[in-house]
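To start, the structure itself, in structure tokens.
The values are calculated or read from the model by the stated rules, or taken from the named source; none is laboratory data. Remember, predicted model here, so these are calculated numbers, not experimental data. Cβ: placed from backbone, ideal geometry, glycine included. Neighbour counts: every protein chain shown.
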Amino acid sequence: MNVLFVSNEMIGGNLSRLMQDEGCDVRLYINDRSQKNLFKNIVPKVDDWKKSLDWVGKDGLIVFDDVNFGKEQDVLRKKGYNVFGGSKLGDRLENDRSFAHDIFVKYNIPTFELKNFSNINKAVKYIKKNPACWVTKQNDSHYPKILSYVGQFEDGSDVLDFLSSYSASHNVKHRGITIQKRVYGIEMGIGRYFNGKKWVGPIEVNFEHPHLYGHKDAPCVGEMGTLAWYDDDENNKLFNETLAKLEPFLIEANFKGDMSLNCIVNESGPIVLEATSRLGSPIVHLQSEIQESPWSEFMMAIAKGEDYNLKWKKGFGIVTLIATPPFPYASHEVAALLNGVTVHLSDLSEDELKSVHLEDVAADKNNGDDLRYYIEDCSGYIAYVTSVDPDISKARQRVVDIAKKIHIPNMFYRDDIGRDFENSEKELLIKWGYIN
């Protein structure tokens, strides 16, 4: 099967390699100019995905891994192409927080009021008049998480101090920002695939780890790792109180991809924070570890609006990011310094290599047909390591054991993914009825 993989910034780019390993003829397009050289000599690349439409044809599969292609996806589907991914209306659910809030209210999904501002100074003025413990988020999901901050003080003084310093920066002060009052509880996500008509496959329960290291006061930098598992219980409480209610909207949107909601859960119930209407990172890499069915079969079924009996592993899944500078804050000067540095994987067994998912890398031939992987166009997201086991501690330990065998100068990773869930969150969620 021909597969045209259209990636914005390599969120799910490693899937193109996996589908190639499944026997598909794959072509990869990367939209982000700074990442054009990624996966060189790993997967065949194209500079213009639209010129490959005749090649992929109406019998092949087109995979989009990110938002902002929704208009093109809608047109391609009308022309008869098999397209996996979002839609114009689906993209808006993630990109427009005010729109998402209105949709949540319409379908009786618990959420709370957001305040959106076109620039930081307007947010500062509002907080001065309305002191509270505020949480700040930028509106652009692809922008570094430098504007994300969880307030600690009820008078909002720390948030004001934080935003006031950024408002002096010419590069940042004009960026849009969203604030919301802080809600206390356990942050967790609920996700599932949708084929334009109905849900397909099991429910996914996940716990993101956005902090740079294992302390709640550490900076939120995106995603350092995730704990997740699949659940085939259609009575899953969190699913039915939140994500399941979106089904009419997703049908209207002709959405055919992965949809998830991020929530705060406490004894009063869930409150939805935001939607992710695309493949998520790094959860997509953990899904590759959990799922046993071929990605190409599964995605084609989703694209065609068909049901699919997905085979998957039971147990707790752990994924952790293997990072290098300039992560977590982009710097082109630092990134250039690491270009060409070897990513040493030779100490890993064949089974361990299957649990390593590459991102900011390319390859060249080394010692015959063997590939030497090296850092290319570095943003600091080098690879992800995954594992699944009925015991969380064993899954985490396998991830750490594999990570220790990967050798890259200045690499770092978190070795505590899932520990908070083990120590405190699990007991509370059982008490509240959100996990068995």
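Look at Gly80 and say whether it is loosely packed, with under 15 Cβ neighbours inside 10 Å, touching a Lys or Arg at 6+ places or on another chain (Cβ under 7 Å), within 30 Å of Pro248 (Cα to Cα) and modelled with pLDDT of 95 or more.
yes
Select from the stretch 292-315 the residues that are among the small types (Gly, Ala, Ser) and surrounded by 15 or more Cβ atoms within 10 Å (Cβ to Cβ) and write down the one among them that is nearest to Ile392 (Cα to Cα).
Ranking the candidates gives Gly315 first.
For the list (1) more than 24 Å from Thr276 (Cα to Cα); (2) surrounded by fewer than 18 Cβ atoms within 10 Å (Cβ to Cβ); (3) at pLDDT 95 or above, I need the number of the one condition that Gly60 fails.
(2) is the only condition that Gly60 fails.
Listed here are the residues, each with its yes/no results for (1) at pLDDT 95 or above; (2) in contact with a Pro (Cβ under 6 Å, 6 or more places away or on another chain); (3) surrounded by fewer than 21 Cβ atoms within 10 Å (Cβ to Cβ); (4) under 17 Å from Arg278 (Cβ atoms).
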residue	(1), (2), (3), (4)
Phe64	yes, no, no, yes
Leu89	yes, no, yes, yes
His101	no, no, yes, no
Lys106	yes, no, yes, no
Ile109	yes, no, no, no
Tyr126	no, no, yes, no
Asn139	no, no, yes, yes
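So Phe5 passes all but one of these: (1) over 20 Å from Asp360 (Cα atoms); (2) touching a Leu at 6+ places or on another chain (Cβ under 8 Å); (3) buried (at least 24 other Cβ atoms within 10 Å of the Cβ). Which condition number does it fail?
(1)
Could you please find all residues in the stretch 347-363 being within 19 Å of the chain's Cα centre (by Cα) and part of a strand (DSSP E or B)?
Result: Val356, His357, Leu358, Val361.
Determine the pairs where a residue that is in contact (Cβ under 8 Å) with a residue 60 or more places away in the chain and surrounded by fewer than 16 Cβ atoms within 10 Å (Cβ to Cβ), located within the stretch 409-424, has a partner that is assigned to a loop (DSSP other than H, G, I, E, B) and of a type in the set (Ser, Thr, Tyr) with Cβ atoms under 8 Å apart, the partner being 6 or more residues away or on another chain.
Every condition considered, the pairs that remain are Pro409/Thr324; Asn410/Thr324.
Identify all residues within the stretch 28-51 that are in a helix (DSSP H, G or I) and at pLDDT 95 or above; write none if there are none.
Across the stretch 28-51, the qualifying residues are Trp49, Lys50, Lys51.
Within the stretch 148-194, restricting attention to residues that are aromatic (Phe, Trp, Tyr) and part of a loop (DSSP other than H, G, I, E, B), which residue is nearest to Phe239 (Cα to Cα)?
Restricting to residues being aromatic (Phe, Trp, Tyr) and part of a loop (DSSP other than H, G, I, E, B), the top hit is Tyr184.
Going by the conditions given, is Glu289 under 23 Å from the mean Cα position of the chain (by Cα) and crowded, with 21+ Cβ neighbours inside 10 Å?
yes
For the structure I just gave you, tell me whether Glu72 is in contact (Cβ under 8 Å) with a residue 24 or more places away in the chain, of a type in the set (D, E, K, R) and out of contact with any helix residue (DSSP H, G or I) (no Cβ under 6 Å at 6 or more places or on another chain).
No, not satisfied.
Please enumerate the residues belonging to the stretch 198-230 that are under 22 Å from Leu250 (Cβ atoms) and part of a loop (DSSP other than H, G, I, E, B).
Scanning the stretch 198-230 gives a single hit, Lys198.
Can you tell me which condition Tyr329 does not meet? The list is (1) more than 20 Å from the chain's Cα centre (by Cα); (2) farther than 30 Å from Leu76 by Cα; (3) of a type in the set (Phe, Trp, Tyr); (4) not in a strand (DSSP E or B), and all the others hold.
(1)
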